[in-house]
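Bear in mind that the values in this text are calculations on the coordinates, not laboratory data. In this text the structure is predicted, and so the values were computed from the model without any measurement. Cβ placement follows ideal geometry from the backbone for every residue including glycine, while neighbour counts extend to all protein chains displayed.
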Amino acid sequence: MNKYILLPLLLIVFASCEKAIGVDLETAAPRLVVDAAINWEKGTDGKEQHIKLSTTTGYFSAIIPTVSGATIVVRNSANTEFPFTDSGNGDYVCTNFEPVIGETYTLTINLNGQTYTASETLIDVPPIDKIEQKTETGFGSEDDRIDVKTFFTDPANTNDFYMTRYQTNINAIPAYGVTDDEFFQGNQVFDLYLNPDIKQGDVIAIRLYGISEQYFNYMSILTSIVGGGGPFATAPATLRGNVRHVGNPNDLVLGYFSLSEIDKRTYIVY
Amino acid sequence: MQIRQKYLSLFLFLLLFQFSFSQQKFTLSGTIADSQNNETLIGVNVTIPELKTGVTTNEYGFYSITVPSGTYTVQISFVGYQTVEQSIALDKNTKLNYKLSGEEEQLQEVVVTDNRKATNIRKAEMSVNKLSIQSIKKMPVVMGEVDVLKSILLLPGVTNAGEGASGFNVRGGGADQNLILLDEANIFNSSHVFGFFSVFNPDAIKDLKLYKGGIPARYGGRASSVLDIYQKDGSSKGFHVNGGIGLVSSRLLAEGPIVKDKGSFLVGGRASYAHLFLKLTDNKNAAYFYDLNAKLSYKLNPNNSLYLSGYFGRDLFSLSEQFENVYGNATLNLRWNHLYSDKLFSNLSLIYSDYYYGLDLDFIGFKWDSGIKNYNIKYDFKNYISDNFKLNYGVNAIYYAFNPGTLKPSNADSGINYDQLERKHAFEPAAYIDAEQNISKKISLYYGLRYSLFYRLGETNSNIYANNEAVVFNPVFQIYEKAKPIASTYYGKNKTIADYNYLEPRAAIAYQFNDNNSIKASYNRMVQYLQLISNTSSPTPLDIWTPSDQFIKPQIANQVALGFFRNFKDSEYSLEAETFYKKIDNRLDYIDGADLIANKALEQILLNGEMRSYGLELMLRKNEGRLNGWISYTLSKSQQRTPGRNANEPGINNGQWYSSVYDKLHNLAATASYKYTEKWSFGANFALQSGQPVTYPNAQYKYQGLTIPNYGQRNENRLPAYHHLDLSATLTPRKNIGRKWQSEWVFSLYNVYNRANAASISFRQNYSNGNNEALRLSIFGVVPGISYNVKF
């Protein structure tokens, strides 16, 4: 059960009264963004991994500046190195990564004489049991919509955290959700994807991630920032990831270094 | 009884000033009511011009004035009624009840307040606004429905978070800091569905008073204001019905005698049906409310009266029956007025109040119920010792039972487990004493003390944290995080987990320059033991009330105010200027990303901060004539600060003061009603306010396929200015005058020039093309309303 679905639902009522307007915004000095999500897809060897470096820019700017020339190395607890090489456009690639469930990895980035570091654990995930769809009455005067439910079984004796990602062929951006097992320990549950625009024939790429509690806290804030707004919104929080600027603790580095085992499915709506 | 009274008087006067043994004093007392329906009248002026002294009737219509023996002309005056003068030879304690007749229909002026003549200048009472129900009924409001809360928003120092927002903010305070009483019973949520209407049926209301500062000692439990609302008793003379049909809702009220001139009943209800129009457009959403007010009054004998009143209201909001939210208040109270003597009036109230809120999300598969029950006993005494000295004292005790949430799976294939969040209990007793004293002809004093206590009680399993810190600061990541409990303690049923006690002094002084000018100052301390856990800008149906405990401290408010009051042209105009400063300690703030819903350990997401607000309020009123109304302007600031707990922690916003979400620099409101002819009268409201505080992003970045806005300082920006003009016209068919059956048509237009006021501005990616957008949400454009009201 995703608690964060509740408030955005209220927005649906008011959606028709929203209008895009022009606003004068300031632009802050650029900050480093580390997009380092190491995902090990079930059934693959997980050797190829990508990390992206970029900086922040003005809110309405069309281009996001990328960062090149950094040296990126990920190490496991045995100090085995997995280097990521700059392949251009801020994309750094590693081809010999060794994912191990429960292993702790450390990320080190050297850029312009500065060092940035982060540490996380690779969390496993139960497999997706099944995916079902259900036609539901539309909200308000909308047509009936199709809800997609992704089922998985939560292990009973551990406190587990999950993230889901949905990318459809009709939307430009993916939708993320996070949940913890507080209310469904040990049960088979479903994650709900609610998109009133999907129709028969649409394709949805679904991913289920096992995540750490710290990443769950991070993504909870992130999903409320990107999905929220409206009269019931909370004051937007400063999103702090786990990447630190060594020697400069007040410098805010955006993004997160996460490691997850993931299960992927492609679902075609019938 | 007589001897005990003398001892009490003697003791008190030894502590204070003037007491004259030289002349015998006698008491003139009684009850003043409306001659048409026996409804007691609150705030009636009983003056003795020869002595330049007077009193006003209390909430139950009772007055008592003690003066030296002699012959006097007693003058009884009250807005909307004919003044009565009677010559009295006072040579013994005399009981005089009065029945006032309404002013003739043709001459009836719509009067906006009833602070008339010398009373508002003289009394050491300030920061108070009293609104008569007749004036509220003439103001144009949303969708043509009369509304109590929307009317107080036009007063200086009162704002709210905007259209669709429930609750109201007084002098930069939160919506949770208002004590709202309906016939002395506590109301937790004063708004129906999303703040469009208040829970108060205007037909059932007799009187209301809003205290923004200088709050008397008999009130306690909330930091910023008291909205005290009294229901009508019901006519004990004849049977009457009052009703109205509108576009959005309808109401019906019936009142009449049970025993003529002794007992009466009042029953009223309202229901909205706007959602039925939605069904016509094939929209399956529903939003409706209904409420019911009922009262039984019985006068046993001249010294004893009994009142039984009840209120029940429910709101339902549902999205195609898959998401359903239900909430509402219910209250039941029994009150007994008893006159121990003609100088000692008492009221005993036994109150039960229940606030329920629940959610049903069928498509996810869970059902959620939560609520607050409270049991309250109050015993208040008003001792009218002399015309220059009045003593009030009493006790109050409330027992609370909170259900923070019961979670149930709503159908067989839901994956949700049953869960019950631990129930919370608390006990809040208090005692108070205060005095209203006229030191001289020019100086009036009010001074009092309230002593309040609070006990957070078990049965509960309470968490224990290292260093007693439920929130820890992670210096590596520079964020506040929930602490993990190291142990837990069990407290048995009704065992004290934490307790607090505070003295709350209240004082005011008025200095009268002459009949038309005065200057006043006041100080009050209020302590609030219940906190509303909400980190949104205005209350939502998902907010939770929680009692103070060992981690959550009570809010303590200290407010000073200074004011200047002047009446012009024989009270045709009046001017009030007040300046205030309010500081509240222990205002809660939330760590970033606080998860409030179904939270079993709220202490892990809360930080302790403080709040301050200050400002200037101006109000110019025209009290008489065909055109009357007022203009109010408030210039104020409201800020919050949450410093780090030690030098290593930054706190929220680096421990700097930042604007609270209730900060509105400018607030201008004007209301006018004009009686054009016997048939037509017109009304207009205009509001202009600074925009609500908002946080704007100052950058964007890409992460995992999403574009994320990065936000600047909290609440540093402002939404566009909020303003709207509303007009109304009331048509009273000529045939009404003098007839038993009266009717009128009310036509209203809300937001005449269709301004799209921003309720919020959100920053999101467009779902189709991924571009960054700033989206303004506005709720009301121009809204017409028609209603038809009848009375017989």
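A few notes on this one:
- Principal-axis analysis of the Cα atoms of chain B puts helix B:2-15 at an angle of about 70° to the longest axis.
- Whole-number D in µm²/s for region B:153-222 (Stokes-Einstein; Kirkwood sum over Cα pairs; 37 °C, 0.692 mPa s): 251
- Restricting region B:409-443 to chymotrypsin sites (Phe, Trp or Tyr not before Pro) that sit in a DSSP loop and have at most 16 other Cβ atoms within 10 Å of their own Cβ leaves B:Tyr418.
- Note on the protein assembly as shown: dipole from Cβ charges, positive end direction compared against B:Gly358, B:Thr730, A:Asn76; the farthest Cα belongs to B:Thr730.
- Calculated translational diffusion coefficient of region B:341-388 (10 °C, 1.306 mPa s; Stokes-Einstein with Kirkwood radius over alpha-carbon pairs) equals 107 µm²/s.
- Nonlocal amide H pairs with B:Lys206, under 5 Å, H built at 1.01 Å: B:Tyr230, B:Gln231, B:Lys232
- In chain A, helical runs assigned H by DSSP with n ≥ 4 each contribute -39500 (n - 2.57); averaged across all residues and rounded to the nearest 500, the mean residue ellipticity at 222 nm is -3000 deg cm²/dmol.
- On the principal axes of its alpha carbon atoms, region A:155-270 extends 54, 37, 28 Å, with the longest extent given first.
- Global dimensions of region B:506-617 from alpha-carbon coordinates: Rg and Dmax equal 19.8, 61 Å.
- Hydrodynamic radius of region B:672-792 by the Kirkwood approach over all distinct alpha-carbon pairs: 18.3 Å.
- Legend: mean number of C-beta atoms from other chains within 10 angstrom of residue C-beta atoms, peptide A:210-222, equals 2.
- Residues whose amide H falls under 5 Å from that of B:Arg718, counting only those 5 or more places apart or on a different chain, are B:Val694, with hydrogens built in the peptide plane.
- Built amide H within the under 5 Å cut-off of A:Val34, gap 5+: A:Leu254, A:Gly255, A:Tyr256
- Peptide A:52-62 shows a mean partner chain C-beta count of 5 within 10 Å per residue C-beta.
- Average silhouette area of region B:406-495, convex hull of alpha-carbon atoms, in square nanometres: 13.8
- Dividing the Cα radius of gyration of region B:336-470 by 2.2 N^0.38 Å, with N the residue count, gives 1.66.
- Alpha-carbon centroids, region A:50-94 and region A:183-220: separation in whole Å: 27
- Each residue of region B:608-614 is assigned a 3J(HN,Hα), and the resulting list reads 8, x, 9, 9, 9, 8, 8 Hz, derived from the Karplus form 6.51 cos²θ - 1.76 cosθ + 1.60 (θ = phi - 60°), x at Gly and Pro.
- Alpha carbon Rg of region B:442-552, scaled by the compact-globule rule 2.2 N^0.38 Å: 1.66
- Note, ³J(HN,Hα) from phi for region B:491-498, Karplus 6.51, -1.76, 1.60, rounded to Hz, x at Gly and Pro: 10, x, 4, 6, 7, 7, 8, 8
- Each principal axis of the Cα atoms in region A:148-215 has its own extent, and those three values, largest first, are 39, 23, 15 angstrom.
- Candidates per chymotrypsin sites (Phe, Trp or Tyr not before Pro) in region B:622-693, loop by DSSP, up to 16 other Cβ within 10 Å: B:Trp657, B:Tyr676
- For region B:696-759, applying the loop criterion from DSSP together with a ceiling of 12 other beta carbons within 10 Å to the trypsin sites (Lys or Arg not before Pro) yields B:Arg739, B:Lys740.
- Building the convex hull from the alpha-carbon atoms of region B:200-267 and averaging its projection over directions returns 6.6 nm².
- As a length-normalised measure over Cα pairs under 8 Å and 6 or more apart, the relative contact order of chain B settles at 11 percent.
- Stokes-Einstein D (µm²/s) once Rh is taken as the Kirkwood radius of chain B over alpha-carbon pairs, at 20 °C in 1.002 mPa s: 76
- Neighbouring Cβ atoms from other chains, within 10 Å of the Cβ of residues in B:413-425, number 3 on average.
- Most fluctuating residue given options A:Ala205, A:Ala156, A:Ala29, as computed from a GNM of chain A linking Cα atoms under 10 Å: A:Ala29
- Ratio of the Cα radius of gyration of region A:25-134 to 2.2 N^0.38 Å, where N counts its residues: 1.28
- According to the Kirkwood relation over distinct C-alpha pairs, the hydrodynamic radius of region B:615-664 is 14.0 Å.
- Across region B:438-453, computed HN-Hα scalar couplings (Karplus, 6.51 cos²θ - 1.76 cosθ + 1.60, θ = phi - 60°) run 9, 6, 8, 5, 9, 10, 10, 10, 10, 9, x, 9, 10, 10, 10, 10 Hz from first to last residue, x flagging Gly and Pro.
- Sorted by Cβ neighbour density within 10 Å, fewest at the top, the residues B:Glu85, A:Glu18: B:Glu85, A:Glu18
- Whole-number percent relative contact order across chain A, with pairs defined as alpha carbons under 8 Å at least 6 apart: 22
- Diagonalising the gyration tensor over the Cα atoms of region B:148-300 and scaling each eigenvalue by 5 before taking the square root yields semi-axes of 27, 26, 11 Å, largest first.
- Rg and Dmax of chain A, Cα atoms only, in Å: 19.8, 59
- Mean residue ellipticity, 222 nm, helices only, chain B: the sum of -39500 (n - 2.57) across DSSP H runs of n ≥ 4, divided by residue count and rounded to 500, is -1000 deg cm²/dmol.
- Using equal-weight Cα scatterers in the Debye expression, the normalised intensity of region B:611-702 in log10 at q = 0.18, 0.22 Å⁻¹ is -0.91, -1.07.
- Taking every alpha-carbon pair within the protein assembly as shown, the share separated by more than 44 Å comes to 40 percent.
- Ratio Rg/Rh [Cα only; Rh per Kirkwood] for region A:63-123: 1.00
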